[in-house]
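Engineer: Before I ask anything, here is the structure I am working with.
The values are calculated or read from the model by the stated rules, or taken from the named source; none is laboratory data. Since this is a predicted model, take the numbers as computed values, not measurements. For neighbour counting, all protein chains shown are included, and Cβ atoms are generated from backbone atoms with ideal geometry for every residue, glycine included. To get the accessible areas, we keep the full protein, side chains included, count just its heavy atoms, and leave off ligands, DNA and RNA. Shrake-Rupley method; radii C 1.70, N 1.55, O 1.52, S 1.80 Å.
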Amino acid sequence: MNIVDHLNLTRRRLLIGGLGAAGLGAIAACTPGGGNAGEEAEQTGDGSSLTFWHYYGGGATAPIEALLAKYTEETGVAVTPRLIPFGDFNRTLLQSATSGDLPDIALVNAFDTALFADSGMIVDLSDRVEDWGESDQYFSGPMATTTFDGATYAVPHVADTYSLWVNNATLAAAGQQAPATWTEVEAVAAAVSEGQNFGLVFCGIEGVEGSTAWILRFLAAGGDIRELDSDAGLAAMDSFLRLKDAGAISEGVLTWNEDDVTLQFQNGTAAMMINSASYLSSLAEAGDLDFSVVPMPSDTDQFSFLSAENLTITKDSANADAAWELITWMQQPDVMNEYLPERNKLPVRSDTAEAEIWADETRQVFISQLDVAWAPDEEVAPVSAEIFTGIQNALQVSLSGSGTPADALAAAQATADEALA
C-alpha cells in the first residue's frame, strides 16, 4: 500500500496525540522540545551529507546531536539533525512522506515502526541486517519491534524498562521487605501508608503515558491486550482498587506524570514507585535517599514494559548506503557505552551490556527486565495509542468511582476492538 492510499487510514491514528507513545514509559523519557538544530543539508546522493530527524527534546537533545557531530568529525560525512516536538513528530513524518521530502534517517518510537513500515514510509532493511550479521547481539524485546510482515525495517537504538523502586528506610521502619509478587505489593503498600504518605505511586495521567502501570498489572495477571474486559482485566483493576481503599495509593496518581511520581518518591512521601531507569542519575545525585530497585512483581506471569526507539531509513533517502553506515556506527558497543550514560538509557545489545559501566546492581535489574519487557506486536502497535488511551480512561473511571470496573473495561474493550478492526 503506497502513501497516498494509506493517507486516510493513518491520518486519524496519527492525530491521536502522538501515536504509539507508550512507556512510554516511553513518553516520560523523551521530553518534547521544539525547533530545528540547523538548516536541512542538501540531498546530494553521494553520501557526503545526511539528514536525521528525532524527537529528543529537553536534556536529551545535546547527547544525540553530540553523537552525530562525533560521527561527522570521524568520517567527514555531514549529518544535519532536526528536532521535532514529540507530539508533532509522527504528523510531520506523514506530511513529509506525501511531499517526498523525508529525511535520510528517522529515529522513531519503537511502537510506531510497524505503522511506518505498513505505510511504505521506511524501507526494508532485511538484506542489510542479514549481511551485517549482528542482529543476534540484540535483546529479543527491542529487536522484535523492528519487524513487520516478516521483514526487518529498523535497528534498535536505545531501550528503557520499568521496575519497582523501594525506599529501604521506610520499608525497614515498618518491618517490611521489598515485594516480589503483586499480593505482597498490596500488603506492603498498605502497611507503610499513613495519611498523605502512600505505599505506592505510579503515573496515571490522562493519555497513553498513564496506562503503563495498569498494563503491567494486567499482564502479570495473565492478560492479553486484545482482551481488556477479561478476568485478568478485572483482577488488575480490583487490585488497584484495593490499594486505593487501603489508603495505599492516592487518587492523585490520575494527574501525575512520571516526573511527578519521581518527586513523590524522592521526597519520601511514597514508599514505592513504578518507574523506568530514566531517573537513576537524578535520584542517585539526590544523595540522601536510601533506595533500591527490584524486578516488577509477578502474579500469574512477570512482565516489565519496554520503552524504546528505533533507527530507520526512509523511502526518500538519496543516501541509503551512507545512512546505513551511520546507523551501524551508532550501534557499536564502544560508541553506545559513551553515549548511553548521558541518556539514562539501557543498551539494546548484550555485548554492549557486558561493559563495566553496567556492572552496577541497580542498572543490572533494569537490564534483566529486558528479557521480560513487553511491547505490542505488529498488529497492536500501529493502534497502541488508541488502546492505551482507552485503558487510562478505564483506570480513571474506576479509581475516581465514577463507574464500575466492569463498565470501564467494557468501554476500553470497545475502543480496542474498533482500533484493531
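Engineer: Please pick out the residue among Ser230, Ser239 that is open to solvent by less than 10 Å² (accessible area, probe 1.4 Å) and polar (S, T, N, Q).
Structural biologist: On the way: Ser230 fails: open to solvent by less than 10 Å² (accessible area, probe 1.4 Å).
From the options Ser230, Ser239, the qualifying one is Ser239.
Engineer: Name the single residue, out of those in the range 255-287 being among the hydroxyl-bearing types (Ser, Thr, Tyr) and not in a helix (DSSP H, G or I), that is nearest to the chain's Cα centre (by Cα).
Structural biologist: First pass over the range 255-287, keeping only residues among the hydroxyl-bearing types (Ser, Thr, Tyr): 255, 262, 269, 276, 278-279, 281-282.
Pick out the ones that are also not in a helix (DSSP H, G or I) and you get 269, 276.
Numbers: Thr269: 26, Ser276: 9 Å.
My answer is Ser276.
Engineer: Which condition does Gly252 not pass, out of (1) under 20 Å from the mean Cα position of the chain (by Cα); (2) not in a loop (DSSP other than H, G, I, E, B), if it passes all the others?
Structural biologist: Gly252 satisfies every listed condition except (1).
Engineer: For Ala69, all conditions in the list (1) open to solvent by 50 Å² or more (accessible area, probe 1.4 Å); (2) under 14 Å from Ile313 (Cα atoms); (3) in a helix (DSSP H, G or I) hold save one; what is the number of the exception?
Structural biologist: Ala69 satisfies every listed condition except (2).
Engineer: On to the next question. So for the range 86-96 (the condition being aliphatic (A, V, I, L, M) and over 25 Å from Phe303 (Cβ atoms)), does at least one residue qualify? Explain how you work it out, then say what you get.
Structural biologist: Initially, the range 86-96 is screened for residues aliphatic (A, V, I, L, M), giving 93-94.
With over 25 Å from Phe303 (Cβ atoms) added as a condition, the list becomes 93-94.
Yes: the range 86-96 contains one or more residues that are aliphatic (A, V, I, L, M) and over 25 Å from Phe303 (Cβ atoms).
Engineer: Looking only at the range 396-419, filter to residues that are within 24 Å of the chain's Cα centre (by Cα) and either more than 17 Å from Asp245 (Cβ to Cβ) or of a type in the set (Gly, Ala, Ser) (or both); which one of those is surrounded by the fewest Cβ atoms within 10 Å (Cβ to Cβ)?
Structural biologist: Per the stated criteria, the residue is Glu418.
Engineer: Can you work out which of the residues in the range 95-116 that are surrounded by fewer than 24 Cβ atoms within 10 Å (Cβ to Cβ) and within 22 Å of Ala385 (Cα to Cα) is nearest to the chain's Cα centre (by Cα)?
Structural biologist: Of all residues in the range 95-116, those surrounded by fewer than 24 Cβ atoms within 10 Å (Cβ to Cβ) come to 95-96, 98-101, 107.
Remaining after also requiring within 22 Å of Ala385 (Cα to Cα): 95-96, 107.
Values: Gln95: 24, Ser96: 24, Leu107: 13 Å.
The qualifying residue nearest to the chain's Cα centre (by Cα) is Leu107.
Engineer: Considering every residue within the range 40-52, establish whether at least one is buried (at least 24 other Cβ atoms within 10 Å of the Cβ), hydrophobic (A, V, I, L, M, F, W, C), at pLDDT 50 or above and more than 29 Å from Val380 (Cα to Cα).
Structural biologist: Taking every residue of the range 40-52 in turn, at least one turns out to be buried (at least 24 other Cβ atoms within 10 Å of the Cβ), hydrophobic (A, V, I, L, M, F, W, C), at pLDDT 50 or above and more than 29 Å from Val380 (Cα to Cα).
Engineer: On to the next question. Look at the range 269-284 and say how many of its residues are among the aliphatic types (A, V, I, L, M) and surrounded by fewer than 17 Cβ atoms within 10 Å (Cβ to Cβ). Please lay out each step first, then the result.
Structural biologist: Step one: list which residues in the range 269-284 are among the aliphatic types (A, V, I, L, M), which gives 270-274, 277, 280, 283-284.
Filter once more, so that each one left must be surrounded by fewer than 17 Cβ atoms within 10 Å (Cβ to Cβ): 284.
Adding up the residues that qualify gives 1.
Engineer: Here's another thing I want to ask about it. Answer yes or no as to whether Asp88 is modelled with pLDDT under 95, open to solvent by 10 Å² or more (accessible area, probe 1.4 Å), out of contact with any Pro (no Cβ under 8 Å at 6 or more places or on another chain) and acidic (Asp, Glu). Walk me through it before giving the result.
Structural biologist: On the way: modelled with pLDDT under 95: yes; open to solvent by 10 Å² or more (accessible area, probe 1.4 Å): yes; out of contact with any Pro (no Cβ under 8 Å at 6 or more places or on another chain): yes; acidic (Asp, Glu): yes.
It is true that Asp88 is modelled with pLDDT under 95, open to solvent by 10 Å² or more (accessible area, probe 1.4 Å), out of contact with any Pro (no Cβ under 8 Å at 6 or more places or on another chain) and acidic (Asp, Glu).
Engineer: Within the range 331-359, how many residues are modelled with pLDDT of 90 or more and either closer than 15 Å to Asn310 by Cα or part of a loop (DSSP other than H, G, I, E, B) (or both)?
Structural biologist: In the first step, residues of the range 331-359 are kept if they are modelled with pLDDT of 90 or more; the result is 331-340, 345-359.
Checking which are either closer than 15 Å to Asn310 by Cα or part of a loop (DSSP other than H, G, I, E, B) (or both) leaves us with 331-332, 336, 340, 345-351, 355, 359.
Final tally of qualifying residues: 13.
Engineer: Just to check your reading of the model, which residue among Ser304, Ser298 is buried (at least 24 other Cβ atoms within 10 Å of the Cβ), farther than 30 Å from Leu50 by Cβ and within 21 Å of the chain's Cα centre (by Cα)?
Structural biologist: Numbers: Ser298 fails: buried (at least 24 other Cβ atoms within 10 Å of the Cβ).
On inspection, the qualifying residue turns out to be Ser304.
Engineer: Now for a different question. Is it the case that Ala169 is aliphatic (A, V, I, L, M), open to solvent by 40 Å² or more (accessible area, probe 1.4 Å), at pLDDT 95 or above and within 24 Å of Gly287 (Cβ to Cβ)?
Structural biologist: yes
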